[in-house]
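Visitor: So that we are looking at the same thing, I have put the structure below in structure tokens.
The values are calculated or read from the model by the stated rules, or taken from the named source; none is laboratory data. Computed from a predicted model, the values in this text were never measured in an experiment. FYI the Cβ positions are ideal-geometry reconstructions off the backbone, even for glycines, and counts take in every protein chain you see. Accessible surface areas use protein heavy atoms only, side chains included; no ligands, DNA or RNA. Shrake-Rupley method; radii C 1.70, N 1.55, O 1.52, S 1.80 Å.
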Amino acid sequence: MSSKVEHLQRIFLNIGLLLFTGTLMTMPCGAQQAAATLNIQIDHPAHPVSPTLYGLMTEEINYSYDGGLYAEMVRNRTFQDRGFGGVAHWNIEHLGTSDATMSVDETEGPSAALPHSLLIEIKQADSASLAGVRNEGYWGMALRPNTNYKGSLYAKAGSSELGPLNIALVNDNTGKTVASTTVQALSTEWKRYEFSLTTGTIATSSENHLLLTVGHAGKVWLDLVSLFPPTYKDRVNGNRPDLMEMMAAMHPKFLRLPGGNYLEGDQIDERFDWKNTIGPLVDRPTHRSPWNYQSSDGMGLLEFLEWTEDLKIQTVLAVYAGYSLKGDHIHPGPALTPFVEDALDEIEFATGDTSTKWGAVRAKLGHPEPFPIKYVEIGNEDWFDRSGSYEGRYAQFYKAIKAKYPQLELIATAPLKGMKPDVLDDHYYKRADEFFEDVKHYDTVDRNGPKIFVGEWATREGSPTTNMGAALGDAAWMTGMERNSDLIVMASYAPLFVNVNPGGMQWESDLIGYDALNSYGAPSFYAQSMFAEFLGTEVPVSTVQGGGPRFFYSVTRDAAKEVIYLKLVNASSIAQSIDVEITGVNSVDKNATLVTLDAENLAKTNTITAPTRVAPVKSAVKITGAKFNHTMPPYSIQVLELHAK
Ligand code: AHR
């Protein structure tokens, strides 16, 4: 099976191997807008490019983890989601003459964190007429041929006569068992059981369910029923490989976690309470996400940190700062102290060595190595807090964190009157034309103020994932961020993920879409990947004259690699001619590389069934040297990689 990385490489390279090796001047003819003249002074560096400019932002929204990145296949595994008068995503299976009912028993559970469970009361069952329950998964269960699925569950039998528990994966359409196993005898006390299911030569499909049955009358309680496919880097309780590989293909430098609104929760007791998200799954009570579903918290703090480790990127750790979305807040002062201490403990859990209290907890959970963290964010979008408490809350967190961790850079989520934060987090959700208008936003911002983290931004056009129009808005905005990357230290698009099944989306215009089986990138995904891959290390002085109103560019250079990256955006329906002149170098190689993302119209997009309608094409091209003309196609985003000494 070819991996997603190979798949993406194919898009970038092999599609590009429909390579033309032509000259840049033989581009499409037809109407053109006013030519642009672009002068690039390589020997006049304006400023360095922030090496951490492009990263990822994440939270539990749009079934990002449950039903998304977190590879768990069983939906509502701890039965908190009650659905309409029942137990959501679980159903009684009526086979033969069996007779059984199911309900949530609030008095029986395997742990203090999970004090309830699913009770199945079987009035009639035998080996020919099994009774039990089935789980439908997150819009199905993706099964692949010759693959091992690892499961576990907690169970308690009403009596020792109940007999074995049968576990099977069953095809929804044929009713055929695809893989099966048996737990021989269930204890009459709560106990954890592990099992393994292996498929044979089946067709890959997500139209499958999990079936748990017994062949004897009696009672059985179940909890934390779990099933995992092979995960990225074989992590236990790990992530979907395809989605991890897609993120890797974005060349990110950091992950902002765990939100977003998800950090805050609607109410204070629905915040991301990190201490409830570590340790064995049976000790995690789960909690409600502000995006209106229960979070399993299988993606807990340690799993977030391991995600950054697997992608070899930095963590931008957002700590809960005493404000929740529906407006409740904790006053600065003694009432806030426990929350500040929680944040200090959280930083220690992530960064402390094993001699520290929370570093030792992390080591006990299997990760003795501390995680390197440079940035800690205090809250999320605290401009929503109309009480005016953020100044005081930020100051209290700042003082305590800096006292213990002076090396950390602290990010404020709203402008402050009384103090200058190290970094300020700005968020932008706009239409493409608004981004075109605002592309010079940071050109004139005071360089003596805080550094900027554009912690959430996106062109909101297209649903569930963005279209080419949005990608053009994004690319234009990114030219502005690169030009100002002396000020902007980091930027992350949001939201990153969406499960495209009906009911999976709470927020439109997302970057990566998926169902149980497949995933794909929006045109915006490719625009970002192109910008991040060809980042460069410094911004040379450049000037532009002429050009259409929706022509944008950014130029960066990597002196060590002797390359110049010219990023060009033509958000017009007609071609754009550009006369480029590069000064301050001895020579510019006539052989260059061009990556093009373009579309016939703004609405063109990718979908789960047509995942690469809009995808980059890489071409070898010839230029005439330090002075050349280049014509951009309509609706295009291009990166021209030039070799200059
Ligand atoms: O990205 C979706 C939401 O937008 C985030 O949770 C929140 O921070 C912002 O308002």
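Visitor: Once the dipole of the chain is set up with Lys and Arg at +1 and Asp and Glu at -1 on Cβ about the Cα centre, which of GLN407, VAL580, PHE552 lies farthest towards its positive end?
Guide: Of the options given, the answer is VAL580.
Visitor: Starting from the amide H of ALA88, placed 1.01 Å from N in the peptide plane, find each other amide H under 5 Å away whose residue is 5 or more places distant or on another chain.
Guide: ARG82, GLY83
Visitor: If I fit a long axis through the Cα atoms of helix 468-483 and take the longest principal axis of the Cα atoms of the chain, what angle between them do I get, 0 to 90°, rounded to 10?
Guide: 60
Visitor: Quick check: the angle from helix 390-404's long axis to the longest principal axis of the chain, C-alpha only, nearest 10 degrees?
Guide: 90
Visitor: Relative to the Cα centre, what is the charge dipole magnitude of the stretch 42-201, using +1 at the beta carbon of each Lys and Arg, -1 at the beta carbon of each Asp and Glu, and rounding to the nearest 20 debye?
Guide: It works out to roughly 380 debye.
Visitor: Here's another thing I want to ask about it. A 28 angstrom limit on the alpha carbon distance is what I want to check against. Which of LYS233/LYS364; LYS150/LYS357; LYS219/LYS364 exceed it?
Guide: Where the Cα-Cα span goes over 28 Å, the pairs concerned are LYS150/LYS357; LYS219/LYS364.
Visitor: May I pose another question? Report, for the chain, the % of DSSP beta bridges that are antiparallel, rounded to 5.
Guide: 70
Visitor: Per residue, how much accessible area does the stretch 253-410 show when a 1.4 Å probe rolls over the protein heavy atoms, in square angstrom?
Guide: Roughly 37 Å² per residue, with all protein chains present.
Visitor: Run down the lysines and flag those whose C-alpha is under 21 Å from the C-alpha of LYS645, throwing out any fewer than 8 positions away in its chain.
Guide: By straight Cα distance, LYS645 reaches LYS561, LYS567, LYS590, LYS622, LYS627.
Visitor: For the stretch 253-410, what % of the accessible area comes from carbon and sulfur atoms, probe 1.4 Å?
Guide: 54
Visitor: Excluding residues fewer than 8 places away in the same chain, name every one of the lysines whose C-alpha is closer than 18 Å to that of LYS451.
Guide: LYS253, LYS374, LYS402, LYS417, LYS420, LYS440
Visitor: Could you compute the FRET efficiency for SER180 and GLU600, with r as their C-beta to C-beta distance and R0 at 51 Å, rounded to 0.05?
Guide: In this case the efficiency is close to 0.55.
Visitor: Report, in debye and to the nearest 20, how large the dipole of the chain comes out about its Cα centre when Lys and Arg carry +1 and Asp and Glu carry -1 on their Cβ.
Guide: Dipole size: approximately 1160 debye.
Visitor: Which angle between 0 and 90 degrees, to the nearest 10, do you get for helix 523-533 versus the longest principal axis of the chain when only C-alpha atoms count?
Guide: That works out to roughly 70 degrees.
Visitor: According to the square roots a ≥ b ≥ c of the eigenvalues of the Cα gyration tensor, what is the shape class of the stretch 269-354, taking rounded for a/c under 1.5, prolate for a/b larger than b/c otherwise, and oblate for the remainder?
Guide: Because a/c hits 1.5 or more and a/b fails to exceed b/c, the stretch 269-354 counts as oblate.
Visitor: Mind running the shape call on the stretch 253-410? Use the C-alpha gyration tensor, a ≥ b ≥ c as the square roots of the eigenvalues: rounded below 1.5 for a/c, prolate if a/b tops b/c, oblate otherwise.
Guide: Oblate, because a/c is 1.5 or more while a/b does not exceed b/c.
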